[in-house]
Amino acid sequence: APLLLNTGAGALPLAAGLSDPAVQPKFVEIAPNALDPSFAFEPVPGGPKAGTFNVSVRQGVQHTGLRRNGTGRRLATTVFGYGYDDERGVSWPGRTFHARSGEPTTVRWNNDLVNRRGRPRRHLLPVDTSLHWCYSLHGYEQYSLERDGVPIVTHLHGGHTDYELDGNPEFFWSPDYEIVGPQWEPLGGIVKDFVYLNDQPAGNLWYHDHALGLTRLNVYAGMAGFYIIRDDDDTGLVGNPLDLPAFPYEAAFAIQDKMFKDNGELFYPAFPGDPFYDDFITGEGAILPPDIFPGGGPTALAEFFGDHMLVNGKIWPKMNVEPRNYRLRFLNGCDSRFLAVQFFEVPPGAEDFAVANGPLPFTVIGSDQGLASSPTTVDTLLMETGS
């Protein structure tokens, strides 16, 4: 029977040139499982130490299941993702790290956001450069996204990490380390290899970009993925001491809300007439200096609520399940939206909950910081952003 993932988009009135969520297919795409062994990052063969990874941040193409309004033609979406610098490319979300408690992991995060000629790529989304951000810092004003590229720095959310490797927003770097953030200077230079000690119990962590003033945009563009820590109790293997379901009966899902242009491109509001602009700018009586905001933007808005719900990069997908226990790991990767997770029983092929039976009870056994001291049976799980 299919498990239908319905998150209630709560869409705003559609703006011209945007994808209409009402006409997009529901429960057609299969939700990829981020715990599929084929979706794991592989250590560098013959690396200097065990658990060494070489990860590239690059531009790539994602097929979300999105279709052109009115024609049904499948659309592709350009993203910034984590992955490889070879034919395997990048993905959104990025591939999953599998780590062992007490065994360090070393990752080199490469900023390869350049085109085929080696020139920096422009950001996929409108950037408000009036903010306190990477290239507005003292001594960095001469740099720009157009000339110098998109800065990044990766943060392991929930990890026990030394401060210089924790993804502090001022530890950023541009493509090929041409520009590095000011916090590297006291250390005597940038550290290219990030060491994660994994000195913590099994848990559901995630990694994402954390560059100053760009975090919301870089994550929205695709820079996020799972980082799973295992230990002797929660091994992830069949026959584990806790008798927990193991792959293929264990799955990890990153849930995010997005907006798209009607050609498949990512859309993020920043100009007059865009969704939310009136809520935070015009409607609040804000007067934006025209020399800083020509045409009224781009400007950062306080909140964002997308009208397309995606699970592991697929719009309103489904998961085919057997009548047995499953272990599901959820990540709320939305910008501002809280998620209320519920399960319903519906007939095969249903696209709404008019004849649904539920909500059904399920058991919560842990959070991103690890397993709970005891299980709790609920029918609703409220998840904050970044949890």
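For the chain, modelled as a GNM with alpha-carbon contacts under 10 angstrom, which of Leu137, Leu339, Leu217 fluctuates the most? Taking springs between Cα atoms under 10 Å, the residue moving most is Leu137. Positive contributions from Lys and Arg (+1) and negative ones from Asp and Glu (-1), summed over other residues with Cβ under 11 Å from the Cβ of Phe305, come out at -3.
In the chain, the calculated helix contribution to ellipticity at 222 nm averages -500 deg cm²/dmol per residue, counting -39,500 (n - 2.57) for every DSSP H run with n ≥ 4.
Structural descriptor for the range 86-206: relative contact order 35 percent, calculated from alpha carbon pairs under 8 angstrom and at least 6 residues apart.
Between Ala302 and Gln142, full extension at 0.36 nm per residue minus the direct alpha carbon distance yields a gain of 54.9 nm.
Which one is right for this structure if Cα extents along the principal axes in Å is calculated from it: (1) 68, 50, 48; (2) 72, 62, 42; (3) 60, 53, 38? The value computed from this structure is option (3).
The 3J(HN,Hα) values that the Karplus relation (6.51, -1.76, 1.60; θ = phi - 60°) gives for the range 139-155 are, in residue order, x, 10, 5, 7, 8, 8, 4, 5, 8, 10, x, 7, x, 9, 6, 9, 10 Hz. Gly and Pro appear as x.
Within 12 Å, Cβ to Cβ, of Glu170, how many net charges do the neighbouring residues add up to if Lys/Arg are +1 and Asp/Glu are -1? Before the final figure, lay out each step's value.
Values: positive: none; negative: Glu164, Asp166, Glu185.
Neighbourhood net charge equals -3.
Would you mind working out the accessible area per residue for the range 213-303, using a 1.4 Å probe, and quoting it in Å²?
Working: 3700 Å² over 91 residues.
The answer is 41 Å² per residue.
In this Cβ point-charge picture (+1 for Lys and Arg, -1 for Asp and Glu), the range 71-175 has a dipole of about 740 debye about its Cα centre.
Compute the relative contact order of the chain as a whole-number percentage, counting only Cα pairs closer than 8 Å that sit 6 or more residues apart in sequence.
Numbers: 861 pairs, mean separation 84.3, N = 387.
That works out to 22 percent.
Leaving out ligands, DNA and RNA, and with a 1.4 Å probe, what % of the accessible surface on the chain is carbon or sulfur? Present the calculation step by step, with values, prior to reporting the outcome.
Details: 9170 of 17850 Å².
That fraction is 51 percent.
In the elastic network of the chain, a GNM with C-alpha springs shorter than 10 Å, the most mobile of Leu214, Leu360, Leu125 is Leu360. The GluC sites (Glu not before Pro) of the range 264-303 meeting both criteria, a DSSP state outside H, G, I, E and B (loop) and at most 11 other C-beta atoms within 10 angstrom of the site's C-beta, are Glu303. Taking a point 7 angstrom from the Cα of Arg108 along the C-beta vector, which residues in the range 76-92 have backbone N less than 13 Å away? Residues 85 qualify, since their backbone N sits under 13 Å from the label point. Close amide H partners of Ser367, meaning residues 5 or more places away or on another chain with modelled amide H under 5 Å apart, are Ala372.
Determine, for each peptide in 240-246, 275-281, the mean count of other beta carbons within 10 angstrom over its residues, then list the peptides with the highest first.
Values: 240-246: 13.7, 275-281: 17.3.
Output ranking for 240-246, 275-281: 275-281, 240-246.
The convex hull of the Cα atoms of the range 212-288, projected and averaged over all directions, covers 9.1 nm².
One Cα centroid belongs to the range 79-153, the other to the range 318-369; the line between them spans 32 Å. Evaluating 6.51 cos²θ - 1.76 cosθ + 1.60 at θ = phi - 60° for every residue in the range 351-366, the Karplus couplings come out as 10, 8, 9, 4, 10, 7, 10, x, x, 8, x, 8, 10, 8, 10, x Hz, glycine and proline recorded as x.
The values are calculated or read from the model by the stated rules, or taken from the named source; none is laboratory data. Please read these numbers as outputs of a predicted model, since none were measured by experiment. Reconstructed Cβ throughout: ideal geometry from the backbone, glycine too, with neighbour counts over all protein chains shown. What goes into the accessible areas is simple: the full protein's heavy atoms, side chains included, and nothing from ligands, DNA or RNA. Shrake-Rupley method; radii C 1.70, N 1.55, O 1.52, S 1.80 Å.
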